[in-house]
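To keep things clear, I will list the structure first and then write my remarks on it.
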Amino acid sequence: MKQLSTEETKLKIIEQLIILNDDKVFEQIEILINESMHRPKLTKLTKQDLIQRAKLSNTDIENNDIYSNDTVEKLSQKW
């Protein structure tokens, strides 16, 4: 039996996903992908979470605890 290339395997999986209609399977696939790419699981933020984050951001701005755009760009290049 012929071994499929990575690209062929990806296409085969995509074709199968297109016809799949099972949310539980999609959730499992998403978890697998995130784990393999070392991504944290995303969670929905509540309205209260968003308000708290906005308040913290405003406090940082008032305390001048901020980074310039140039600084952020330099920091991101190190990642």
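Being outside any helix (DSSP H, G or I) and not aliphatic (A, V, I, L, M) is the filter here, so list the residues in segment 42-55 that pass it.
Result: Thr43, Lys44, Thr46.
Aliphatic (A, V, I, L, M), touching a helix residue (DSSP H, G or I) at 6+ places or on another chain (Cβ under 8 Å) and assigned to a helix (DSSP H, G or I) - does that describe any residue in segment 14-26?
yes
Which condition breaks for Arg39 when tested against (1) over 21 Å from Ile13 (Cβ atoms); (2) outside any helix (DSSP H, G or I)?
It fails just one condition, (1).
Filter segment 1-19 down to the residues that are exposed (fewer than 11 other Cβ atoms within 10 Å of the Cβ) and of a type outside the set (S, T, N, Q), then identify the one that is farthest from the chain's Cα centre (by Cα).
Met1
Laboratory data are not the source of any read-out in this text; all were calculated from the coordinates shown. Since this is a predicted model, take the numbers as computed values, not measurements. Note that we place each Cβ from the backbone using ideal geometry, even for glycine, and neighbour counts take in every protein chain shown.
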